[in-house]
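In what follows, a structure is listed as structure tokens, so that the remarks can point back to it.
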Amino acid sequence: MDVTRPSGGCEGHAGCVIPHYVGPTTLLRHSLPAHPSQPLSFAGLIRVSYIDSSGPDLKPGAYRLVRAAFAFFAFAVAVWPFGALAQEWGAASGRVLTAAEDAPLPDVSILVSGTNFGTASRQDGTYVLRLPPGTHALRFSAVGYETARRPVQIRPNETTALDVRLRPSLVEMEDIVVEGDVFFTDPGAYELESETIRNVPSPFKGFQALSVLPGVAANNELSNQYSVHGGGFHENLVLIHGFETYMPLRPRQGEQEGLGLLNPDLADRVVLYTGGFPAKYGGKLSSVLETRYRRPHVESMAGSASASLLDASVAHRGAAAGGRFGWNAGFRKARAQHFFRTQERKGDYRPDYTDVQALATWRFGAGHEIEALGMYANHVFRFSPESRKTWFGVVSLDPDVPSDLRSFWTRYEGAENDGYRTRFAGVRLLNRLAPSVHAEHDVAWFGVSETERFDIEGSSVVFRVDPGGDPATGAGHVPIGNVTEEEFADNAIESAAWTGQGRYRWRAGRHAAEAGWRVRAYSFSDRIDEYANLYGRDTNGESVRIEANRFSDEAALSAWQTAAYAQNTMQRGGLLLTAGARADRFSFNGAWTVSPRISARYAVSERFAATSSWGYYHQTPTYREFRGTPAPGEAIPDALNRDIRSQQAIQYVLGGEYFLPARRLHVRAAAFYRDMDRLISYDVRNVRLLYSGRNDTEGQALGLDVHLYGELVPGLESRLNYGYLRAVETFLPEYRTEHRSGTIARPSDQRHTISFFVQDYVPRDSTWKAHLRGLFGSGFPYTPPIPDRQVGQFVVQAPGERNSARYPAYRRVDIGATKTVRVAAGLRLELTMELLNAFNMTNTVAYAWTPNRDGIWERIPTRLTPRTFNLRVRLAW
């Protein structure tokens, strides 16, 4: 017997069957309300979880979640200074005086040269600076006095006396200073050094380092996607050396994404704006990631080569012709089958990721220069699944409370082959028209080819498990349900963007003004051919087939986008104010948007600065947003919504930064509120976003970020973050249903996030460095399914109350240790050992569903990677 559903998308439509697997990953993330879990061992071989069986009431679980978050936060605070204090350090101590009168000088900055590690003198001019043993160069500086540098020899557990006298200097007030293209006037701007990105223990070096910044939510170590302040994965503007780049449109799981385009070996600085960004950045609601590559102008060569168990890379930069011609190029290769094989789904993993990038500069005249950036990335993910064994449920240690342990075993046939190929070429002309007038003009092309092919059949059995059984042989496993699924896809999408833009900057006195324009053309070509079927038995024992999903169509379209902006930064005493506006037009819907913005930073004192910002932000709909999910029987061209409008948000940010001079630590806090309108609702399946294609909701996001950072030891940066977020949405009256009414959590509503990144030296051996990253994030919401009609043994599932359940919290600690060896002058060798997910914490990224013999669908967790070891060797020159 066949039961066939009309062709078309299944998402959001009642009567859809929800199988547990689609091609490479889960078809739907729906499940029952989530409950807090704690890892256990089963027969010494597997990990299962305690699951609170309190039903849909999440209040006890939420309380425990918050309590666990703050316990983790307290633990991070406790270990923050541990490494530095545990070492047998010495100290430098003395007084800072004026050279003429021998009067004490307070608030003098005392730093180890080349670092931000140090202290400040007290009101009586005295200071104490704890330092590791060895010779250090100290830098003494204060406003109105000449900077002094003094060497000091530090011995373990001893104090070295060092008094310093500073001479007065005549300092004239300067014009406003603009550092490159980045103004740090906004409360939500955070910077990462390229060395810090390399030192963060993670499977791949790049986007995953953003998890140590405040406001960032990332709960998948396999993915480069991230959420900022409750925004979706694709609400983030990503700029590489001033050129806009794009994430893949259609990955289903993190393994398919590859390395990401951010290459830390080429980067000079990475700045993330988590809100309140100025008018020159447009097109996104949540954040801006600005990565600047190094531009060599001197005839010196530098570079590196590295290899690990997961990837390899080489980078080189230099200059020639008296510094007029420079280059900065890098090559990366990754075949991370060793990492992917640690997952519960076993098989033949054959990932092959290649990335080549090069920046070239040519200064052809005084104040005139050409930059060219090229990128090519080819990320291929091949996988032949063989089997999967997942245990889940309850193991009771109380003899009066029975255990309820289940297992899910699957045998697969078939294969998957996905490809994501990115090409980019951009040229920029820079002209200094006058000492205070600069002009830039760009042309660029960005193209992405995405293919997705799989033909997989899986036969699954659900068992009830005796905890005293043997998981290797299956002893003690009683089958309670089975299902066979077949899934096929042959999908492809081609997208391209051609961009021309100009930017003009001029400075006059205490004003720094900027204006610009942009014209961009888009093209998309989309082909979808996929289906999913389930096989089982009806009540009479006859074979039954249910068509869970079938869609086949193709479409092509093109569109134009134009934009212009102007902004001005001015300084008045301790106030730095930036105000501007931008206008954007999208030809697909013919709509204009205007976005005024203003931000301010006021230095209340030398130690405290207050920041604030306000502005309108609009996000032009992308192809996936205005295509949405076609209804059953609807073709792609008919699903394109030309009445769709840009999503809109009014953002308010209020923050402050306080400097602790005695420890050279900075404390930053920012509160934000975002009032959003014309939102396009979406659902999340692992890393794929499925949009409704309509402006059907409005919403709000509010929260608080607290950020503590500084150098606990000379030259090594450490960070500690806590974030609170509440992101909700309300469907407009014409789109409300029984299961999506009232105030609803958005899919990105991760209430509590904690992250820390601590670096330290090994005691008595500064050639060894330790790196520790910890992540905690409360569970993201998801929509659980509810029973619909019954077909044979199958109970057809339909989406239940929207985002009414939550996944378990994401918890992870990664540890790294690096040994540095000076091989020769200008040549050093770094050996790094990393223990990823050091405490082997169980993290769930999705839920799948499969029916048992009673027609009840069992919830199957899709888990992320367990503990993994990685070894990296890097040679730098």
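The values are calculated or read from the model by the stated rules, or taken from the named source; none is laboratory data. All values derive from a computational prediction rather than experimental measurement. Counting neighbours? That spans all protein chains shown, and the Cβs are built from the backbone with ideal geometry, glycine included. Please note that ligands, DNA and RNA were not included when accessible areas were found on the heavy atoms of the full protein model with its side chains. Shrake-Rupley method; radii C 1.70, N 1.55, O 1.52, S 1.80 Å.
Laid out as a table, the results:
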read-out	value
Sole residue being under 24 Å from Val200 (Cβ atoms), under 21 Å from the mean Cα position of the chain (by Cα) and at pLDDT 95 or above, chosen from Leu725, Leu702	Leu725
Selection from region 733-757 of residues that are of a type in the set (D, E, K, R) and either open to solvent by less than 30 Å² (accessible area, probe 1.4 Å) or part of a loop (DSSP other than H, G, I, E, B) (or both)	Arg736, Glu738, Arg740, Arg746, Asp749, Arg751
Meets criteria (among the basic types (Lys, Arg), open to solvent by 10 Å² or more (accessible area, probe 1.4 Å) and either modelled with pLDDT of 90 or more or assigned to a loop (DSSP other than H, G, I, E, B) (or both)) for Arg859	no
Long-range neighbours under 8 Å by Cβ, at least six apart or interchain, first residue over 18 Å from Tyr682 (Cα atoms) within region 612-632, second crowded, with 22+ Cβ neighbours inside 10 Å and hydrophobic (A, V, I, L, M, F, W, C)	Ser612/Val653; Ser613/Val653; Trp614/Val653; Gly615/Ala279; Tyr616/Ala649; Tyr617/Leu285; Tyr617/Ala649
Matching strands (runs of 3 or more DSSP E) fully within region 775-853 where at least 3 residues are open to solvent by 30 Å² or more (accessible area, probe 1.4 Å) and under 30 Å from Thr410 (Cβ atoms)	785-791
Meets criteria (in contact with a Lys or Arg (Cβ under 9 Å, 6 or more places away or on another chain) and either among the aromatic types (Phe, Trp, Tyr) or farther than 30 Å from Leu239 by Cβ (or both)) for Phe424	no
Matching residues in region 236-252 - criterion: being open to solvent by less than 10 Å² (accessible area, probe 1.4 Å) and not in a strand (DSSP E or B)	His241, Pro251
The listed residue being closer than 30 Å to Arg139 by Cβ, in contact with a Gly (Cβ under 6 Å, 6 or more places away or on another chain), in contact (Cβ under 8 Å) with a residue 24 or more places away in the chain and in a strand (DSSP E or B), out of Asp760, Asp705	Asp760
Residue check, Gly474 under 30 Å from Asp526 (Cβ atoms) and at pLDDT below 95	no
Matching residues, region 606-634, being open to solvent by less than 30 Å² (accessible area, probe 1.4 Å) and either among the aliphatic types (A, V, I, L, M) or under 30 Å from Arg664 (Cβ atoms) (or both)	Ala609, Thr611, Ser613
Per-region count, region 259-294, residues of a type in the set (Gly, Ala, Ser) and either open to solvent by 10 Å² or more (accessible area, probe 1.4 Å) or within 14 Å of the chain's Cα centre (by Cα) (or both)	4
Qualifying positions in region 365-403 - surrounded by fewer than 17 Cβ atoms within 10 Å (Cβ to Cβ) and closer than 24 Å to Lys346 by Cα	Arg382, Ser384, Glu386, Ser387, Lys389
Total residues in region 584-611, condition touching a residue at least 12 places away in the same chain (Cβ under 8 Å), closer than 25 Å to Tyr691 by Cβ and not polar (S, T, N, Q)	6
Residue check for Arg582: among the charged types (D, E, K, R) and either at positive phi or within 31 Å of the chain's Cα centre (by Cα) (or both)	yes
